[in-house]
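Scroll down for the structure; my scribbles are underneath it.
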Amino acid sequence: MLAFFVKPLCLIVASVSIWVVWTAPNSAARDDEIAVKEFKPLGVTTSGTNLAKRVPAFTFLLEALLIIIQDFSRVPSPIPVTGHPSLQVFFGALFLFLAATIRYRCYAEMGRHFTYEISLLKEHKLIATGPYALVRHPSYTGILFATSGIALIWGAEGSCVKSLLEVLMREEELSGWMRIVGMLSAAILGAFIAWVCSFVIVVMARMKKEDELMKKNFGEEWVEWEKKVPWKLLPGII
């Protein structure tokens, strides 16, 4: 009986974690709060982050609900899912929990200075504590773990997303409203994947731009921090 709850619990943890990862800790900075502002790049917008958290969270919660209904009512789910726990789903949820923890620590360390814009607020200080003592861009490390976690869960055998895509490839099995729902879901997933791909490109540009901005404004203090923390995303790797 305990095994029955493992996968739904993992999916709920994953859903809450992705919400933490992509929920901005602060409202957008007002113009009178900003000392230096570079640009607000494509991809890091409220609509973009809403897509990034709502699509995975919805699929995780939907899968958990389908598993619970299917196992308790013994009625087959319209989307074939399995409640059997797997290491892939467990590690996916673990990656997402780790991502949420990293991002939350970044929010706590940066406080009001954490913004989606590449900018420095008035009285901005160089933060070199917490996760920033390990890598220079830990918030992006969190996103890296989150994206990996989503991919693990979505790609697991018997997952809601994988099963839906497999059914869509056998279109004759769908009829009526299920076909419409399936095609709409596929379109949303496609938009999400396209957004993730574009965001990877944006992140690479942001890291370079952020380093340039910090070096320009903090000078020798930033240079010393870079010597102590040479890694951008993963300690000892990159």
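The values are calculated or read from the model by the stated rules, or taken from the named source; none is laboratory data. Just so you know, these numbers come straight off a predicted model, no measurement behind them. No Cβ is skipped: glycine too gets one built from the backbone with ideal geometry, and neighbour counts run over all protein chains shown. What goes into the accessible areas is simple: the full protein's heavy atoms, side chains included, and nothing from ligands, DNA or RNA. Shrake-Rupley method; radii C 1.70, N 1.55, O 1.52, S 1.80 Å.
Cross-link reach is defined here as a Cα-Cα straight distance under 17 Å, omitting same-chain residues fewer than 8 places apart; for K7 the aspartates and glutamates meeting it are E63, D71, E157.
Approximating the spin labels as points 7 Å out from Cα along Cα→Cβ, the D31-to-I68 distance works out to 4.8 nm. For the range 21-32, the Karplus equation 6.51 cos²θ - 1.76 cosθ + 1.60, evaluated at θ = phi - 60°, returns couplings of 4, 10, 9, 4, x, 9, 6, 4, 5, 6, 4, 6 Hz by residue, with Gly and Pro reported as x.
Short-range pairs are left out: with C-alpha atoms under 8 Å and at least six residues apart, the relative contact order of the range 95-163 is 43 percent. Farthest toward the positive end of the dipole of the range 73-132, out of G130, T82, G92, is the Cα of T82, where the dipole comes from beta carbon charges about the Cα centre. In whole percent, and with a 1.4 Å probe on the protein chains, what portion of the accessible area of the chain is carbon and sulfur? Ligands and nucleic acids excluded, carbon and sulfur reach 68 percent. Dipole magnitude for the chain: computed about the Cα centre from +1 point charges on Lys and Arg Cβ and -1 point charges on Asp and Glu Cβ, it is near 240 debye.
Each Cα pair under 8 Å and six or more residues apart adds its separation to the average, and for the chain the resulting relative contact order is 27 percent. State whether the chain is rounded, prolate or oblate according to the following rule on the C-alpha gyration tensor (a ≥ b ≥ c being the square roots of its eigenvalues): a/c under 1.5 gives rounded; otherwise a/b larger than b/c gives prolate, and the remaining case gives oblate. The shape class here is prolate. Restricting the GluC sites (Glu not before Pro) of the range 62-132 to loop positions (DSSP other than H, G, I, E, B) with no more than 15 neighbouring Cβ atoms within 10 Å leaves E117, E123. Computed from Cα positions, the angle between helix 177-218 and the longest principal axis of the chain comes to roughly 10 degrees. If the segment from I201 to K125 were pulled out straight at 0.36 nm per residue, it would be longer than the present Cα-Cα gap by 24.6 nm.
Extension gain for the segment D211 to E224, taken as residue separation times 0.36 nm less the Cα-Cα distance, is 3.4 nm to one decimal.
Taking the helices alone, the chain has a mean residue ellipticity at 222 nm of -22000 deg cm²/dmol, built from -39,500 (n - 2.57) per DSSP H run of at least 4 residues and averaged over all its residues. Straight-line cross-link reach from K208 at under 29 Å between alpha-carbon atoms covers these lysines, not counting any fewer than eight positions away in the same chain: K37, K40, K53, K122, K125, K216, K227, K228, K232.
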